[in-house]
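The values are calculated or read from the model by the stated rules, or taken from the named source; none is laboratory data. A quick note: this is a predicted structure, and the numbers were derived from the prediction, not measured. Virtual Cβ from ideal backbone geometry, glycine too; neighbours counted across all protein chains shown. Remember, those area values only see protein heavy atoms, side chains included, never the ligands or the DNA or RNA. Shrake-Rupley method; radii C 1.70, N 1.55, O 1.52, S 1.80 Å.
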Amino acid sequence: MTSAEPLSSGTGRRLPKRSLLVSIHDVSPRFEREVDLLAERLARHVGEAKFAMLVIPDHWRASPLAGNAAFGRRLRDWADQGIEMFLHGWSHKDETPATEGLAAIKGKHMTAGEGEFLNLPQAEALARMRDGRALVEDVIGRPVAGFIAPAWLYGEGAHAAMRELGFALAEDHMKVWRPASGEVLAKGPVITWASRSKARIASSLFAAALGRAALPFTRTIRVAVHPGDTTVPALLGSIDRTLARFVRTHTPSRYAALAGEAA
């Protein structure tokens, strides 16, 4: 049996297809070389068009997509190959950090000042999403697949703005859902890695190994990689082991197919 075939329950009943969703975060001109390396690596495991890219319109307001015709052509070529393109914030920088409460804890411990949409009021979140979507869609020549907030962190303003703008899909650490209705399309933790300190490298290596052992029977597996992963050989090795493990039991798929199955 190949990974593309539905699994059998042993009673002759066909079980739902198990899907593997893979994505490259922080796609921008700032990380063009790293994105190339990751795209080549992922393609060896899942195929050239069976992963998504999360595009930042202006990374930390220092690496704009607008006006960069060469990188824009790269994005359009990738989209033409079938790679799904998500809008990934506007700047990826938290310019409205919370100082108290749960939001402050999330902003401090779950990201290095990059929870851009965690505390934005609805009007500002709406403007950034609207302008970012228009820019990316103009570059790639087709609609974006959805919106995924930097660091997977959303505040109430972000949720309201996504609903108003009608994005087809969104995801956080634990699920994929339709913003308009709130319908959850997949549940389970995303497997990802962190490279900004030795402690985070070690913990993400442990978490990935745990995921390889604990998640094989999860219907939808999500794996996310970042440009910084390319700087740490141990992380690249863990990414290879994780993808090699799950392509044996899960079909590399598109996010759009997940939405179609639910419908």
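When only the Cβ of Lys, Arg, Asp and Glu is charged (+1, +1, -1, -1), the dipole of the chain relative to its Cα centre reaches about 1040 debye. Computed from backbone phi with θ = phi - 60° and the Karplus coefficients 6.51, -1.76 and 1.60, the 3J(HN,Hα) list for the stretch 44-55 is 5, 8, 10, x, 5, 10, 9, 8, 10, 10, 9, 9 Hz; x is used for glycine and proline. Placing +1 on each Lys and Arg Cβ and -1 on each Asp and Glu Cβ, with no other charges, gives the stretch 119-172 a dipole about its Cα centre of roughly 120 debye. In plain terms, the bigger the Kirkwood radius, the slower the diffusion; for the stretch 127-246, with that radius from Cα pairs, at 25 °C and 0.890 mPa s, Stokes-Einstein puts D at 153 µm²/s.
Ordered by 1.4 Å accessible area with all protein chains kept, W60, W177 run largest first as W60, W177. Quick one: pull the percent of accessible area on the chain belonging to carbon and sulfur, 1.4 Å probe, ligands and nucleic acids left out. Summing carbon and sulfur atoms, their accessible area is 55 percent of the total for the chain.
Heavy atoms of the protein chains alone define the surface here; on that basis the chain has 45 Å² accessible area per residue at 1.4 Å probe size.
For the pair S181 and E164, label points projected 7 Å from Cα toward Cβ lie 2.3 nm apart.
Placing R0 at 22 angstrom, the Cβ-Cβ distance between E48 and R76 gives a FRET efficiency of 0.90 after rounding to 0.05.
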